[in-house]
Amino acid sequence: MKYEVVIGIEIHVQVRTKSKMFCSCANQYGAKPNTLICPVCMGYPGTLPVPNRTAIQKAVRAGLLTDCEIAKFSKFDRKSYFYPDLVKNYQISQYDLPFCKNGKLKIGGIGFSGNPLPEKIVGITRIHLEEDPAKLNHMGASSGADYNRSGVPLLEVVSEPDMRNADEAYAYLAGIKEIMQYGEISDCDMEKGQMRCDVNISLRPIGQKEFGTKIELKNMNSFRAAHRAVEYEIERQAELLDRGETLRQETRGWNDDSGESYLMRTKEEAHDYRYFPDPDLMPVIFTDEEIEELRANLPELPSAMRERFLRDYALTEYDAEVITQDRALAAWFDRAAKASKYPKLVANWVGGELLRLLGETKCPLDECRVTPENLAELIELIEQKTINGKIAKEIFPEMFNTGEKAAKIVKDKGLVQVSDSGAITEVVTQAIAQNPTQVEQYKSGNEKVLQFLVGQVMKLSKGKANPQLVIVELKKQLN
């Protein structure tokens with residue numbers, strides 16, 4: 001391509017708090033429409049907002065986790081615009097004095113396609129706190145507004161235009177989501193609207209210093225959709241520029257079903273919003289001691305956790321990447337790995353059987369009946385040759401469904417692996433006698449048939465024979 005792609009992203013993240021940003025209404029998803037409202041969040045005349053202290057502290061925590069400068073003096077502003085989702089005709093936000101600015105996020109590791117992504121630093125311009133507007137519901141020819149969301153604390157994270165392709169944009173989105181979840185700032189459930197993003201894309205001829213015309217993409221309901229939308233928009237803009245057309249600054253929506261963007265409106269500039277300090281809210285002041293206290297209680301970030309897992313547990317980069325994508329899963333694995341002498345095998349089971357069953361049953365991890373220690377015990381039984389891997393995979397679903405320990409299930413069902421040489425000799429002899437055709441094939445030089453005979457022995461022993469001893473005995477009798 002003869003153009004350089006320039007991408008910047010604005011991410012909106014709902015802050016996890018018990019109440020809304022400026023009133024005592026519950027911050028809760030899924031309630032009956034317009035039941036979590038009060039005169040304050042509905043903008044009744046004479047009401048006064050009271051800022052949510054927890055939301056402000058979590059905004060600062062987000063800044064500390066992204067290496068931002070934390071403002072000791074900041075304020076709230078009114079952002080004026082008229083739209084049905086905004087009852088006051090202005091939104092309480094922040095303009096020139098946000099809580100956090102000049103941060104950064106390192107991206108890299110495994111890319112969207114599964115290939116390595118070179119490490120890169122993406123700058124973060126600012127992180128500020130504002131109130132979420134209402135949710136508009138469009139039903140055919142009519143529309144409705146649910147003001148339960150109006151006033152929910154909302155973090156806006158604005159990146160520098162440092163990304164150059166869809167993979168980098170995807171990695172940045174995933175990195176911000178991890179930080180928000182690990183920092184217990186937000187659950188970032190995109191299906192519930194807890195994390196939304198607007199992607200700004202422009203193209204310029206390679207070597208040109210000035211940015212091209214910025215076009216904003218909205219309505220992406222997943223990171224996969226965002227990656228797809230960015231790739232489409234890059235191609236669309238390049239085709240227009242190749243035809244000699246002039247791009248205009250605009251906002252476009254994304255239709256994931258058709259795989260196309262569409263025009264929504266031309267883009268307003270910041271001065272159209274007529275920002276000015278909110279006269280109902282005092283400035284927010286932080287001391288050095290308060291900032292350091294928040295810094296002292298920061299959690300271990302996923303990047304640091306991945307490095308620790310690689311170092312202490314000898315995981316592969318892929319395993320570490322998969323496990324740390326979810327904070328709860330990473331903590332679960334960490335407990336299991338500490339309880340086991342075989343942390344790599346623990347990672348295999350967590351990334352395989354555990355995630356499979358959680359996905360199939362749609363069971364949240366915090367409701368999973370298998371404890372980390374129980375998984376460690378199951379792996380110990382395999383390594384001690386008490387059971388084999390096949391039996392273990394039959395036991396694990398029962399552990400998952402009942403919460404029983406592996407040792408008890410093995411004992412109750414008589415599943416202890418048979419390692420007695422006499423018993424194995426007997427069942428191998430039986431398998432050889434029942435499969436004369438395959439025996440002759442093996443003796444004629446087709447060694448692949450051996451695995452078939454191993455399977456027959458395991459079938460006759462109901463899966464309890466020690467596979468290694470079975471192979472030794474088969475070769476002994478066949479040869």
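The values are calculated or read from the model by the stated rules, or taken from the named source; none is laboratory data. These numbers were taken from a predicted model, which means no experiment stands behind them. Note: ideal-geometry Cβ built from the backbone for every residue, glycine included; neighbour counts use all protein chains shown.
Tabulated data
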{"item": "Hits in the range 316-332 - residues which are closer than 20 Å to Tyr342 by Cβ, within 14 Å of the chain's Cα centre (by Cα) and not in a helix (DSSP H, G or I)", "result": "Thr324"}
{"item": "Test: residue in the range 140-151 that is under 27 Å from Trp332 (Cβ atoms) and in a strand (DSSP E or B)", "result": "no"}
{"item": "Which numbered condition Leu217 fails, given (1) buried (at least 18 other Cβ atoms within 10 Å of the Cβ); (2) out of contact with any Gly (no Cβ under 9 Å at 6 or more places or on another chain); (3) in contact (Cβ under 8 Å) with a residue 40 or more places away in the chain; (4) more than 23 Å from Lys106 (Cβ to Cβ)", "result": "(2)"}
{"item": "Within the range 265-289, considering residues that are surrounded by 14 or more Cβ atoms within 10 Å (Cβ to Cβ) and either modelled with pLDDT under 90 or not assigned by TED's automatic domain parsing to the domain that holds Asn89 (or both), the one farthest from Gln249 (Cα to Cα)", "result": "Tyr273"}
{"item": "One residue from Gly175, Gly140 being within 29 Å of Leu86 (Cα to Cα) and either in contact with a Ser or Thr (Cβ under 6 Å, 6 or more places away or on another chain) or not assigned by TED's automatic domain parsing to the domain that holds Arg306 (or both)", "result": "Gly140"}
{"item": "Verdict on Ile110 being at pLDDT below 95, over 18 Å from Ile9 (Cα atoms) and in contact with a Leu (Cβ under 8 Å, 6 or more places away or on another chain)", "result": "yes"}
{"item": "Condition check for Glu300: assigned to a loop (DSSP other than H, G, I, E, B) and within 28 Å of Lys177 (Cα to Cα)", "result": "yes"}
{"item": "Entirely in the range 1-117, the strands (runs of 3 or more DSSP E) that have 2 or more residues that are surrounded by 14 or more Cβ atoms within 10 Å (Cβ to Cβ) and within 26 Å of the chain's Cα centre (by Cα)", "result": "3-14, 100-110"}
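Per-residue answers, yes or no, for (1) at pLDDT below 95; (2) part of a strand (DSSP E or B); (3) surrounded by fewer than 19 Cβ atoms within 10 Å (Cβ to Cβ):
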position	(1), (2), (3)
His138	yes, yes, yes
Glu178	yes, no, no
Val199	no, yes, no
Gly207	yes, no, yes
